[in-house]
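I have placed the structure first, in the form of structure tokens, so that the comments after it can refer back to it.
The values are calculated or read from the model by the stated rules, or taken from the named source; none is laboratory data. These numbers come from a predicted model, not from an experiment. As a convention, Cβ positions derive from the backbone with ideal geometry for all residues, glycine included, and neighbour counts pool all protein chains shown. Just the protein is used for accessible areas: all its heavy atoms, side chains included, with ligands, DNA and RNA removed. Shrake-Rupley method; radii C 1.70, N 1.55, O 1.52, S 1.80 Å.
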Amino acid sequence: MTIAYFDCFSGISGDMTLGALLDCGAERAELDAVVEALRLGDEVTIEVRHETRGHAGGTRVIVGVDDRVERTVPALREVVEGSDAPRDVKKHALDAINRLARAEAAVHGVPEDQAHLHELGGADTLVDIVGAFWLLDALDVGRVYASPLPISRPGPATLKILEGTGAELRPSDQGRELVTPTGAAILTTAAAFTRPAMSLRRAGYGVGSNPSPGNLLAVWIGEEIGTDKSVTLIETNLDDMAPNLIGALTEDLMAAGALDVAVVSALMKKGRPGHVLTVMSPPELTGRLTELLLRRSTTLGVRLTPVQRVLADRRIVEVTTAVGTVRVKVKELDGRAVDVAPEYEDCRRIALETGRDLREVMRLVDAAARRDLGLE
């Protein structure tokens, strides 16, 4: 599978994303196709050129706008929905626009459809967002990853977009906005914030508008390499420990880094009822979790078994429903969604706030997620 890794050492913006993907081999004609598909030819001009920032260079994309038209959130959605963009490009672009809208609405305390996106409401933002997903599609990228993000003076909307996404924020002393709301929306829609093992085919650099040295975004394109999926099972039998203490022990093990903890009732020697406790541990934490288990339980010994796992990919998306916005875990195989699972805590909170049956909330969220992901 072709993957893309966004190395955001100097931040990310919409135009930097376009430049980096063009530098990776996407055709300039694809950007022209974006403008045509969105029917923005009367508003937008695109300039592509090579520029340097210090000792490094890359591709600079300048999206010019004549007679700027400020669009509301519904108008932005309407342009995308009515465009000739590919289906998956539309879906991701609408997701990114919705993230921008939710962030601005939360920051200003207004409904999403009334949120004013200021400079984000123009045709250039539409080209940046739709263009990013269009160029990823043109490069046949099936999965996207991203590095930690440098943060110096982030806007409140950017921080709101990044909330709960798993993005790692690292402090920077550059004294300017490094991650724009558009850049944050593109990454949180498409990327998992981790660095993959990969075979590199090509690296491209997108140049930002700020003239500071090193103001570039790097995108690496290549093939993903399978990583070691081995784990160690730590197992022990407990026949003289109170169940409430076992419950506390499972929480301590999870907090210490266990991937999973399972407790199964069993019949022990001499007919005594007991429990079999199994801890799934990353290899590097086996010693630590074993010691914790020996110290905080009544067991006199544990069994260690190295095993291999086969994992489905998963990511978290936010789904807008009639009862509110809920996080949903998406299970993926070969880069395609195959199943969904609403986040229990979000559904439980909404059930308590609205007085609805929790099962009804989870059914509504499940149906909305499947509809959004095309799983119906």
Listed residues Asp42, Asp339, Asp113, Asp140 arranged by accessible area, highest first, probe 1.4 Å: Asp42, Asp140, Asp113, Asp339
Extreme residue, positive dipole direction of the chain, given options Pro342, Leu253, Leu31 (C-beta unit charges): Leu253
Compactness of the stretch 161-312, expressed as Rg and Dmax over alpha-carbon positions, Å: 23.0, 77
Percent of alpha-carbon pairs separated by more than 29 Å within the chain: 51
Lys90, Lys160, reordered so the largest accessible area comes first (probe 1.4 Å): Lys160, Lys90
Heavy atoms of Met254: accessible area, 1.4 Å probe, square angstrom to 10: 90
Dimensionless Rg ratio for the stretch 80-192, taking C-alpha atoms and the 2.2 N^0.38 Å reference: 1.06
Rounded accessible area of His92 (nearest 10 Å², 1.4 Å probe): 60
Listed peptides 68-78, 101-111 by packing density, highest first (mean Cβ within 10 Å): 101-111, 68-78
For the stretch 11-126, convex hull of alpha carbons as volume per residue, Å³: 118
Given charges at beta-carbon only (K, R positive; D, E negative), |dipole| of the stretch 278-376 in Debye: 400
Kirkwood hydrodynamic radius of the stretch 248-376, Cα pairs, Å: 17.8
The chain: angle of helix 344-354 to the longest principal axis, Cα-based, in degrees nearest 10: 80
Alpha carbon Rg of the stretch 202-272, scaled by the compact-globule rule 2.2 N^0.38 Å: 2.25
Computed accessible area, Glu223, all protein chains, 1.4 angstrom probe, square angstrom: 70
